[in-house]
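Chemist: Can you read through this structure? Questions will come right after.
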Amino acid sequence: MARWRSLIATRVIDPLGWRMKGSDLGKRLIEFRARQWDDPETWRKRQTALLAHLLVHAVTRVPYYIERVSGLTPEAITDDPFEALGSFPILERSELIERFEELHCDMGRGAWLEKSGGSTGTPVRFLHDRHYKSAAFATTQLSLNWAGIARGDRRVGLWAARRDLVGKHSPVRRLSSFFRDIDLLDAFRMGEGEMREYVDFLNRRPPACLEGYTEAIFAMAEFVEREGLEIMSPRAVATTAGTLLPHMRETIGRVFRAPIFDRYGTREGGLIATECERHRGLHLMGETTVLEILDQDGEDVGVGEPGETVATNLWNYTMPLIRYRVQDQVVRGPDLCGCGRPYPMVESVLGRAGSCFPRPDGGLVLPDFWIRLFAVEFNTGDVFKYQFVQEAIDQITVRLVLRPGHDGPDSKMREAIAARICDSMGAPCRVDFSIEDDIPPTASGKHLYSVSKITRAT
């Protein structure tokens, strides 16, 4: 039955849907699958040409860029597209909000209004067109292929974004989901009762791939292990929209007995990077994205160094987001992986730029430190959720949600935690503890372990 469903999905449903929407997704899939094995020089030439074409379009057709990059000619762009890219301003979320109308132009490719911003507290609206969507879906399918998952293989998604769940029971969506064999579970509903239901559901019809928010999959893995439950083993687990730390990867892998493929992307620009079968970092999705990783002075960081991500999607001509500040921190990886693909690497994703805590001496405390405090160093089993909030340069609040029947850290442990925090900050600071009933996720379903209210100059 599964084989026939897969054949119908890939040979009938997909082509029919693409034709009805005027989509060239099929063509993009074929191209991206073939081009992933090009040599680095061939790929770089192709990416350079795509970038040049996009930038020329922007300075000749899009009002915002016509105004902001007025001195840049199409000839100068064509001569050196990457040099020209540096002349474009970094696009801030505030600009996307305030100058929405000036950032798009009618390309006759359709226009879909999308929304994002739950993780940053700054909601934004933006447009995607038909060509963008084809390329974005093709990169997502390519990432699944890297995990050994084919179009039509059974998948279960543990998602929390309401836009992914609304309408899933409509006749069209039900028919599509049936033939593609995809089910969605609501990561906003993950009490003990719901998680038992999810475990039973997964065991009744095991998927080839379990995918979803990093935190949701990790929480389920912890629950399964803590309760001593039996759980099926998928062919792959795909995590996204959160920082996958080593202890999380270890727990998820141990519980589900499957390789884990981490993914990094945004609503605005689609999938940016994903793991291959080597699991030595994440490959840039080089057919669709130019990614800059910059230090505080706006300069490229070196291999092994952390920096803030600035992304340019190469396919959305209706609303080009050029040098868009994603507000994430990642560590730059090497240019090549042993798998043979030409795309450069991201060594690791650290999380939101606002998750880094500025120190009084001008340094930074990275998100990994805050997560490890309760996940590893002070993990006594009392704490269910936690979040560190930097209220001021020398003031930090530790928000805790305790497990039922637990009292949380005693005075001696609180002193030890506070001392560890002061040591990491390089100076004495006030540390307050707040016991709370819950720490709700962001609007897009993500849990932030650390939140800094300090604005740094960049």
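Chemist: Considering only residues that are buried (at least 17 other Cβ atoms within 10 Å of the Cβ) and part of a loop (DSSP other than H, G, I, E, B), look in the range 360-398 and name the one that is modelled with the highest pLDDT.
Modeler: Only one residue fits best here, namely 378.
Chemist: Could you list all residues from the range 209-238 that are among the aliphatic types (A, V, I, L, M) and in contact (Cβ under 8 Å) with a residue 60 or more places away in the chain? If you could, list the steps in order and put the result at the bottom.
Modeler: Here is the first cut: in the range 209-238, the ones among the aliphatic types (A, V, I, L, M) are 210, 216-217, 219-221, 224, 229, 231-232, 236-238.
Listed by number, the residues that qualify are 216, 220, 236, 238.
Chemist: Within the range 37-77, take every residue that is assigned to a helix (DSSP H, G or I) and among the small types (Gly, Ala, Ser) and give me the one that is surrounded by the fewest Cβ atoms within 10 Å (Cβ to Cβ).
Modeler: 49
Chemist: Another one. Does the range 297-308 contain at least one residue that is more than 23 Å from residue 369 (Cβ to Cβ), at pLDDT 95 or above and part of a strand (DSSP E or B)?
Modeler: no
Chemist: Name the residues in the range 399-438 that are under 15 Å from residue 365 (Cβ atoms), surrounded by 12 or more Cβ atoms within 10 Å (Cβ to Cβ) and under 32 Å from the mean Cα position of the chain (by Cα), would you?
Modeler: 417, 418, 420, 421, 422, 424, 425, 426, 431
Chemist: Okay, moving on. Restricting attention to the range 78-109, which residues are part of a helix (DSSP H, G or I) and of a type outside the set (Asp, Glu)?
Modeler: 78, 81, 82, 84, 85, 93, 94, 96, 97, 103
Chemist: Tally time: how many residues in the range 252-296 are of a type in the set (D, E, K, R) and assigned to a loop (DSSP other than H, G, I, E, B)?
Modeler: 8
Chemist: Step by step: first the residues of the range 253-270, then only those that are hydrophobic (A, V, I, L, M, F, W, C) and surrounded by fewer than 22 Cβ atoms within 10 Å (Cβ to Cβ), then the one that is nearest to residue 285 (Cα to Cα). Which residue is that?
Modeler: The extreme case among them is 260.
Chemist: What are the residue pairs meeting all of these: first residue in the range 91-102, first residue surrounded by fewer than 18 Cβ atoms within 10 Å (Cβ to Cβ), second residue in a helix (DSSP H, G or I) and at pLDDT 90 or above, Cβ atoms under 7 Å, and 6 or more apart or on different chains?
Modeler: Going by the 7 Å Cβ cut-off, the qualifying pairs are 99/64; 102/63; 102/64.
Chemist: Another question about this same structure. Which residues, counting only those in the range 202-216, are surrounded by 13 or more Cβ atoms within 10 Å (Cβ to Cβ), modelled with pLDDT of 90 or more and part of a helix (DSSP H, G or I)?
Modeler: 202
Chemist: Now a separate question. Working carefully through the options 125, 196, find the one that is part of a strand (DSSP E or B), at pLDDT 80 or above and surrounded by fewer than 16 Cβ atoms within 10 Å (Cβ to Cβ).
Modeler: 125
Chemist: So is residue 346 surrounded by fewer than 22 Cβ atoms within 10 Å (Cβ to Cβ), hydrophobic (A, V, I, L, M, F, W, C) and either part of a loop (DSSP other than H, G, I, E, B) or under 18 Å from the mean Cα position of the chain (by Cα) (or both) or not?
Modeler: In short, no.
The values are calculated or read from the model by the stated rules, or taken from the named source; none is laboratory data. Here the structure is a predicted model, which means the values were calculated and not measured. Every residue, glycine as well, gets a Cβ built from its backbone with ideal geometry; the counts of neighbours run over all protein chains shown.
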